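Q: This structure is in structure tokens; I'll ask about it shortly.
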């Protein structure tokens, strides 16, 4: 009996190549033709796509949180400035009411 796993070859792909394949899949909007063209399993390409989307989403989440924190800080500063302006206007009215 032949051991099939012995014949299996492990191949390593560069990140640049993976990115090229992912881009090609997005252009044709299908994994199968790209898989056949390059002789790479559909599941392998699907894994690359999933991994790249996870990285992108993670980076987007970090950027989103940073932006949300910045907006919150700016809203607080704006509220403080508006309150200060209201107090100064009120003080100015009282000063020149004579």
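Readers should treat all values here as calculations from the given coordinates under stated rules, not as data from a laboratory. Just so you know, these numbers come straight off a predicted model, no measurement behind them. For neighbour counting, all protein chains shown are included, and Cβ atoms are generated from backbone atoms with ideal geometry for every residue, glycine included.
Q: What's the FRET efficiency of residue 53 with residue 9 using the Cβ-Cβ distance as r and R₀ = 35 Å, to the nearest 0.05?
A: 0.80
Q: Efficiency by 1/(1 + (r/R0)^6): what FRET value for residue 43 and residue 65, r their Cβ-Cβ distance, R0 = 30 Å, to the nearest 0.05?
A: It comes out at approximately 0.35.
Q: So, one more: Sorting 62, 49 on the 10 Å Cβ count, fewest up front, what's the list?
A: Sorted ascending by nearby Cβ count, the order is 62, 49.
Q: Okay, moving on. With labels modelled as points extended 7 Å from the Cα through the Cβ direction, what inter-label distance (nm, one decimal) is found for residue 72 paired with residue 88?
A: 2.8
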